[in-house]
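Beneath this line is the structure, given in structure tokens, with notes to follow.
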Amino acid sequence: MARKFFVGGNFKMNGTKESIKAIIKNLNEAQLDPNVEVVIAPSHLYLPIAVDAVTASTVSVAAQNVYAKPNGAHTGEVSVSQLKDLGLKWTITGHSERRAGGESDEDVANKTKAAIDGGLSVIWCCGESLEEREAGNTVAVVEKQLAALAAKVTGDDWKKIVIAYEPIWAIGTGKVATTEQAQEVHAAIRKWLKANVSDAVADETRILYGGSVSAKNSKELAKQADIDGFLVGGASLKPEFVDIINSNQ
Ligand code: PEP
């Protein structure tokens, strides 16, 4: 089955009302490859502005994080139903910057399951640190993260998951994984899905690469058999995001 190319933009804790509107205006006015699904994730504060501003038919808005509990006394958290109330269809879970702040594999799996049960699709992030890579543990780390996810999600849940492989040492560092390094891990993820979930999930799940993706390296990365798109941080705030979206042409 052909997997639709997917490009996410993670704005992280960046932007203002005006700059977010300007980024979205640029996307609305650009010639975006109609065969690419684009999802942008501004901070929670700017989600309503983003939802109102997007007019491009291939662009949707995601949250960067969500809480696993439905409602109640959870100061500072945002629920799945609140995101749905804004008209969102997506959230990111398990970004390494949140895992570094204390989210465990299980926390991330719980959030992912809660999001899917509440009707959202999820960009679920995984990836190894430099230490783990240098110790030769890259695939083992990612498999452990996948196993925690697979323990919570079942059957059709996988249709609502896009996996973002983001080596931590490549995020925001300008140090992009080589095409071979990225393809190798993407292939290992697909192999794991085949062995532990199903052939269909392995075939159909989109696996994005994230980590210093730019207009300079995206075309080469996009050619790899198991790279189905990107999760882009820094460059998603710049006009070159359009070139990254169009890099599969
Ligand atoms: C990210 O935040 O998911 C990311 C990949 O960041 P950057 O593109 O800046 O490395």
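The values are calculated or read from the model by the stated rules, or taken from the named source; none is laboratory data. Here the structure is a predicted model, which means the values were calculated and not measured. A quick note on method: Cβ atoms are made from the backbone with ideal geometry, for glycine too, and the neighbour counts reach across all protein chains shown. Please note that ligands, DNA and RNA were not included when accessible areas were found on the heavy atoms of the full protein model with its side chains. Shrake-Rupley method; radii C 1.70, N 1.55, O 1.52, S 1.80 Å.
I'd like to know if the range 100-110 contains one or more residues that are over 18 Å from Lys17 (Cβ atoms) and open to solvent by less than 20 Å² (accessible area, probe 1.4 Å). Break it down stepwise before answering.
Applying the first criterion (over 18 Å from Lys17 (Cβ atoms)) to the range 100-110 yields 100-110.
Checking the rest, the ones that are also open to solvent by less than 20 Å² (accessible area, probe 1.4 Å) come to 108-109.
Yes, that holds for at least one residue.
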* Taking Val122, is it assigned to a helix (DSSP H, G or I), crowded, with 18+ Cβ neighbours inside 10 Å and either in contact (Cβ under 8 Å) with a residue 60 or more places away in the chain or within 16 Å of the ligand (Cβ to nearest atom) (or both)? -> no
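Is one or more of the residues making up the range 18-37 touching a helix residue (DSSP H, G or I) at 6+ places or on another chain (Cβ under 6 Å) and of a type in the set (D, E, K, R)?
Going through the range 18-37, the residues touching a helix residue (DSSP H, G or I) at 6+ places or on another chain (Cβ under 6 Å) turn out to be 20-21, 24, 30, 32-33, 36.
Retained after the next criterion (residues that are of a type in the set (D, E, K, R)): 21, 33.
Yes, the range 18-37 contains a residue that is touching a helix residue (DSSP H, G or I) at 6+ places or on another chain (Cβ under 6 Å) and of a type in the set (D, E, K, R).
Specify the residue that is nearest to Ala114 (Cα to Cα); the eligible residues are those in the range 172-193 that are in contact with a helix residue (DSSP H, G or I) (Cβ under 7 Å, 6 or more places away or on another chain) and at pLDDT 95 or above. Walk me through how you get there before you give the answer.
Pass one, the range 172-193, residues in contact with a helix residue (DSSP H, G or I) (Cβ under 7 Å, 6 or more places away or on another chain): 172, 175-177, 179, 182, 185, 188-190, 192-193.
With at pLDDT 95 or above added as a condition, the list becomes 179, 182, 185, 188-190, 192-193.
Values: Thr179: 34, Ala182: 29, Val185: 27, Ala188: 26, Ile189: 23, Arg190: 24, Trp192: 23, Leu193: 21 Å.
Across the range 172-193, the extreme among qualifying residues is Leu193.
Give, as residue ranges, the strands (runs of 3 or more DSSP E) completely inside the range 1-66 that count at least 1 residues that are open to solvent by 10 Å² or more (accessible area, probe 1.4 Å), among the small types (Gly, Ala, Ser) and without any contact (Cβ under 8 Å) to a residue 40 or more places away in the chain. Lay out the reasoning, then the answer.
On the way: elements: 5-10, 36-41, 59-63.
Output list reads 59-63.
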* **Which listed residue is open to solvent by 10 Å² or more (accessible area, probe 1.4 Å), assigned to a helix (DSSP H, G or I), away from the ligand (no atom under 15 Å from the Cβ) and not polar (S, T, N, Q), from Glu131, Glu97** => Glu131
